[in-house]
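Q: First the structure, which I've put down as structure tokens, then a few questions once you've had a look.
The values are calculated or read from the model by the stated rules, or taken from the named source; none is laboratory data. Since this is a predicted model, take the numbers as computed values, not measurements. Cβ placement follows ideal geometry from the backbone for every residue including glycine, while neighbour counts extend to all protein chains displayed.
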Amino acid sequence: DTAVSQTPKYLVTQMGNDKSIKCEQNLGHDTMYWYKQDSKKFLKIMFSYNNKELIINETVPNRFSPKSPDKAHLNLHINSLELGDSAVYFCASSNSIVDEQFFGPGTRLTVL
Amino acid sequence: QQQVKQSPQSLIVQKGGISIINCAYENTAFDYFPWYQQFPGKGPALLIAIRPDVSEKKEGRFTISFNKSAKQFSLHIMDSQPGDSATYFCAASKGNNDMRFGAGTRLTVKP
């Protein structure tokens, strides 16, 4: 049973396109996150959703928009993709009582 | 600005040796300090975590040492094994939101 799943695992697209990455967790957690890991492996938080409310929004371009249809899903939409968006994007989830964050397997986005 | 500084960037240790990775933080409001382990092609997974009310936590071969006054914490891996070869991230957060990660340490354990 996969706790946090992401689709697709790989995404190759052209500059200027719009794409989405989906994330689902079956842990019953109430908070979900999106992280970006760049080519140097640096992990940076992008968004956090708690009970369908955005509670962290780092200095991320507004081309990136998280969408949470329900507590178990947090999708990431990216408009007008740029070369610099190429990275691995990780979804994670946690419970507001326990601090541990559980990460998905990642989506490697390549913008050509 | 990076709120959690991690060193070294890379580390090579012989099998059976001790691996030590260090982190320093700036924000005294942080109250949760986890270490994550990441294998190639996988997401980070929690290895061990500590809160500032204790100075040390041990789980098997993995130990966190925490120095609140110095705002530093470190991960010690005893009897390092080739299977421990991975990238290790320290992190810090207040509650479970807004977790800040260190830059990562790539550990290689040679057989």
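Q: Could you list all residues from the range A:31-57 that are touching a strand residue (DSSP E or B) at 6+ places or on another chain (Cβ under 6 Å) and of a type in the set (D, E)?
A: A:D38, the sole residue that qualifies.
Q: Anything in the range A:75-104 that is within 14 Å of chain B (Cβ to nearest Cβ), part of a loop (DSSP other than H, G, I, E, B) and modelled with pLDDT of 95 or more? List them, or say none. Lay out the reasoning, then the answer.
A: As a first pass, look at the range A:75-104 and keep what is within 14 Å of chain B (Cβ to nearest Cβ): A:87-104.
Those still in the list that are part of a loop (DSSP other than H, G, I, E, B) too: A:95-100, A:104.
The answer is A:G104, and nothing else.
Q: If you check every pair at least six apart or on different chains, which have Cβ atoms under 6 Å apart with a residue in the range A:81-103 that is free of Cβ contacts under 8 Å to residues at least 12 places away in the same chain first and a residue that is of a type in the set (A, V, I, L, M, F, W, C) second?
A: A:E100/B:L46
Q: Right, something else. Collect the residues in the range B:28-56 that are in contact with a Cys (Cβ under 9 Å, 6 or more places away or on another chain) and free of Cβ contacts under 8 Å to residues at least 40 places away in the same chain, keeping them in residue-number order.
A: B:G43
Q: Right, next: Of the numbered conditions (1) more than 18 Å from B:V109 (Cβ to Cβ); (2) more than 10 Å from the chain's Cα centre (by Cα); (3) modelled with pLDDT of 95 or more; (4) of a type in the set (A, V, I, L, M, F, W, C), B:I18 satisfies every one except a single condition; which is it?
A: Tallying (1) more than 18 Å from B:V109 (Cβ to Cβ); (2) more than 10 Å from the chain's Cα centre (by Cα); (3) modelled with pLDDT of 95 or more; (4) of a type in the set (A, V, I, L, M, F, W, C), B:I18 fails exactly one: (1).
Q: Follow-up. When you go through A:D38, A:D18 one by one, which is the residue that is surrounded by fewer than 16 Cβ atoms within 10 Å (Cβ to Cβ), more than 14 Å from the chain's Cα centre (by Cα) and among the charged types (D, E, K, R)?
A: Working: A:D38 fails: more than 14 Å from the chain's Cα centre (by Cα).
Just one listed residue meets the conditions, A:D18.
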